[in-house]
Amino acid sequence: MAEAFMAYPELRHPFQETPIHPNGSATVLYQGRTITLSETGDGDNLLIKPEDLGRINGFELKPEGACYADMCIPLNDELLPTVEGEQWFDLTAFAGLLEQPCVVDREAGVWSFAEIPAKRRNMMVDAMAPEFEVTDRKGNVVRMADLKGKKALIVTWSSW
Amino acid sequence: MPVWQQVYEEINDPDFVIICAAEDVGGEAVAGPIFDAANPTYIQVVDVDHIISSAFNFVNVPSSAWVDEQGRIVRIDEGTYSKTHAIGEGEQAITFGNDVYTPALKDWVTKGADSEFVQSAEEVTGNIRGHSFDQLKADAAFRLANLFRVHGRKEKAEVYWQMARELNPDSVNFIRQNLTLTEEGSAGETFMQLMGDYVSQGREYYRPLDL
């Protein structure tokens, strides 16, 4: 057997079990962010309060639709269902329209959304760097857009 | 990779930045000491969720993109070594990396668009790996696994890490990351078997370096 190195078995599962959303009803993962939703609607799809849409994926509800940059998705009763007099935004249906993959663990109430393909289209068309947002080791938020005016080497590595 | 600090200091240009992202699920506990040992002044990110790799469709480390002042990618997805490295000594030594990448990088920082190493948008887009629906879904599964790990739900974490690997078998990042935190480690028998399969299927975990 080849010699193994860089193994950290003690770090595979070092954490104690803790509630995922102790003060909420669901958790959404998107672009490395964890968003706790205080209220969600009943059903198989993830029904969120319309005002929560922006803090999840940056889309803004406008008369012409749910909009992000130059992209607007027209709204309809499927996306904005009314249940017992309360209006919701169907994030699962929205993801379907955007061809945005999602992995759900219903038992835990966690929806993990992948990147929206349309947001990456520019990279595949004219080589424009994709948007991303990460937090550095000093706690600063680093966005691709913040690097405009500078040359950047963006390089990945790992201890493995 | 901490060795980039030397390159960063040699370039010493206020309009050049390095973002160095450690794709370690072990997080700060694993990557932090390695960063600290290099006393880096560039931007350091511990990218547990592989946000950077996903954004640029990388499948392995070290991989990189050069992005110019307008936000356009001018090179992408190459095995990114600052120099030739050697593990071991004498006849047992294993070398990897190269000595041409860093000079090319320095040339680009100095000359910008006039550098011979700048690629056209057409070349760059041709070098960007596809990221299918299933591969995007693998990213979502991987991040879900990481969340469960942090909350002590190890059975669920294992399920979704495995899902990520199955949805995106091209990702060496997922293969190795999943092994790093095991007894066997990321370079043991399982890894050798998986990489043997990977290569025998004609897949490239690094795009051939074209410099």
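Since every read-out is calculated from the coordinates, none of them should be taken as a lab result. Just so we're clear, the structure is a prediction, and the values are computed from it rather than from any experiment. Positions of Cβ are generated from backbone atoms using ideal geometry, with glycine treated the same way; all protein chains shown enter the neighbour counts.
Of all residues in region B:12-42, those satisfying the criterion of being of a type outside the set (A, V, I, L, M, F, W, C), within 16 Å of A:Ala7 (Cβ to Cβ) and surrounded by 13 or more Cβ atoms within 10 Å (Cβ to Cβ) are B:Asp24, B:Gly26, B:Gly27.
Listed conditions (1) small (Gly, Ala, Ser); (2) assigned to a helix (DSSP H, G or I); (3) touching a Leu at 6+ places or on another chain (Cβ under 9 Å) are all met by A:Ala66, apart from (2). Could you say which residue among B:Ser82, B:Ser186 is without any contact (Cβ under 8 Å) to a residue 24 or more places away in the chain, within 10 Å of another protein chain (Cβ to nearest Cβ) and small (Gly, Ala, Ser)? So the residue among B:Ser82, B:Ser186 that is without any contact (Cβ under 8 Å) to a residue 24 or more places away in the chain, within 10 Å of another protein chain (Cβ to nearest Cβ) and small (Gly, Ala, Ser) is B:Ser186.
Among the candidates B:Val199, B:Val109, B:Val118, B:Val124, the residue that is over 18 Å from A:Ala114 (Cβ atoms), aliphatic (A, V, I, L, M), assigned to a loop (DSSP other than H, G, I, E, B) and more than 17 Å from the chain's Cα centre (by Cα) is uniquely B:Val118. Give region A:49-63 a look and list any residue that's part of a strand (DSSP E or B) and under 18 Å from A:Ile116 (Cα atoms), or say none. Passing the criteria: A:Glu60, A:Leu61.
Does A:Leu79 qualify as being touching an Asp or Glu at 6+ places or on another chain (Cβ under 6 Å) and either within 25 Å of A:Arg121 (Cα to Cα) or surrounded by fewer than 17 Cβ atoms within 10 Å (Cβ to Cβ) (or both)? It is true that A:Leu79 is touching an Asp or Glu at 6+ places or on another chain (Cβ under 6 Å) and either within 25 Å of A:Arg121 (Cα to Cα) or surrounded by fewer than 17 Cβ atoms within 10 Å (Cβ to Cβ) (or both).
Collect the residues in region A:15-40 that are hydroxyl-bearing (Ser, Thr, Tyr) and either under 14 Å from B:Asp49 (Cβ atoms) or touching a His at 6+ places or on another chain (Cβ under 8 Å) (or both), keeping them in residue-number order. A:Thr18, A:Thr27, A:Tyr30, A:Thr34, A:Thr36 - these are the residues of region A:15-40 that are hydroxyl-bearing (Ser, Thr, Tyr) and either under 14 Å from B:Asp49 (Cβ atoms) or touching a His at 6+ places or on another chain (Cβ under 8 Å) (or both). Taking region B:1-97 as the region of interest, the helices (runs of 4 or more DSSP H) fully inside it that hold 3 or more residues being on the phi < 0 side of the Ramachandran plot and under 16 Å from the mean Cα position of the chain (by Cα) are B:28-37, B:51-55.
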